[in-house]
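The structure's right below; bear with me while I get my questions together.
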Amino acid sequence: MIHAKDTDFDVVKDIFYQHKQWFPHIRTDYIRREIANGHLILDNDVVITYNYYKRKQKIGDVQAQQGDCVLHQIAAKNKGTASQVLQRFFKWTNRRVFLSVRRDNVIAKVFYERNNMRLIGQTSWTKDGVKNALPGDVYMYDDNEGIF
């Protein structure tokens, strides 16, 4: 996998801003921090941000374990290359990969399912308690399950 460098900042920013509808929360300081921490991949104009859990972690109603990978964002400049990069990411990380996605992001959910991820739970995000919660789904990729 090709990790982004400081010189890739503008390319990464442009890819996220191209998809502002789904990534309104992505700020430039976040992009710079992920690049500096080595948690941002830029490969064939596809951006992946990720991390590894340092302890057990709940993702909505799902329990992830220490060492599992959480994929924070995946965004592509053009259609067609994201699946190839994601499959390489799965092989490269060689561990379970979790992600959460807005329930209304049907295009992303179809993409994840097409890439051998399965829906395993649900979550929600909120700024003001239960009122106005934004519903989401939790997906997982596990090559060791033998079902893919």
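Looking for whichever is at pLDDT below 95 and more than 12 Å from the chain's Cα centre (by Cα) here; the options are Lys77, Lys91, Lys56. Which one fits? Steps first, answer last, please.
On the way: Lys91 fails: at pLDDT below 95; Lys56 fails: at pLDDT below 95.
Just a single option satisfies the conditions, and that option is Lys77.
Turning to a different aspect of this structure: Would you confirm whether any residue within the stretch 91-114 is exposed (fewer than 14 other Cβ atoms within 10 Å of the Cβ) and of a type in the set (S, T, N, Q)?
Yes, there is a match, as at least one residue in the stretch 91-114 is exposed (fewer than 14 other Cβ atoms within 10 Å of the Cβ) and of a type in the set (S, T, N, Q).
Might you check whether a residue that is more than 20 Å from Tyr141 (Cβ to Cβ), in contact (Cβ under 8 Å) with a residue 40 or more places away in the chain and either among the polar types (S, T, N, Q) or open to solvent by 60 Å² or more (accessible area, probe 1.4 Å) (or both) occurs anywhere in the stretch 65-88?
Taking every residue of the stretch 65-88 in turn, at least one turns out to be more than 20 Å from Tyr141 (Cβ to Cβ), in contact (Cβ under 8 Å) with a residue 40 or more places away in the chain and either among the polar types (S, T, N, Q) or open to solvent by 60 Å² or more (accessible area, probe 1.4 Å) (or both).
Among (1) open to solvent by less than 80 Å² (accessible area, probe 1.4 Å); (2) in contact with a helix residue (DSSP H, G or I) (Cβ under 6 Å, 6 or more places away or on another chain); (3) not aromatic (Phe, Trp, Tyr), which single condition is Ser124 missing?
In the conditions (1) open to solvent by less than 80 Å² (accessible area, probe 1.4 Å); (2) in contact with a helix residue (DSSP H, G or I) (Cβ under 6 Å, 6 or more places away or on another chain); (3) not aromatic (Phe, Trp, Tyr), Ser124 misses (2) alone.
Follow-up. Do you know which of the residues in the stretch 1-17 that are in contact with a strand residue (DSSP E or B) (Cβ under 9 Å, 6 or more places away or on another chain) and more than 15 Å from Ala82 (Cα to Cα) is surrounded by the fewest Cβ atoms within 10 Å (Cβ to Cβ)? Before you say what the answer is, go through the steps one by one.
Initially, the stretch 1-17 is screened for residues in contact with a strand residue (DSSP E or B) (Cβ under 9 Å, 6 or more places away or on another chain), giving 1-5, 8, 11-12, 15-16.
Then keep just the ones that are more than 15 Å from Ala82 (Cα to Cα); that gives 3-5, 8, 11.
Working: His3: 15, Ala4: 22, Lys5: 11, Asp8: 17, Val11: 13.
Per the stated criteria, the residue is Lys5.
Which condition number in (1) buried (at least 17 other Cβ atoms within 10 Å of the Cβ); (2) touching a strand residue (DSSP E or B) at 6+ places or on another chain (Cβ under 6 Å) is the one that Gly38 fails?
Going through (1) buried (at least 17 other Cβ atoms within 10 Å of the Cβ); (2) touching a strand residue (DSSP E or B) at 6+ places or on another chain (Cβ under 6 Å) one by one, Gly38 breaks only (1).
The values are calculated or read from the model by the stated rules, or taken from the named source; none is laboratory data. Since this is a predicted model, take the numbers as computed values, not measurements. Positions of Cβ are backbone-derived with ideal geometry, glycine not excepted, and every protein chain shown enters the neighbour counts. Accessible surface is based on the protein model in full, side chains and every heavy atom, while ligands, DNA and RNA are left aside. Shrake-Rupley method; radii C 1.70, N 1.55, O 1.52, S 1.80 Å.
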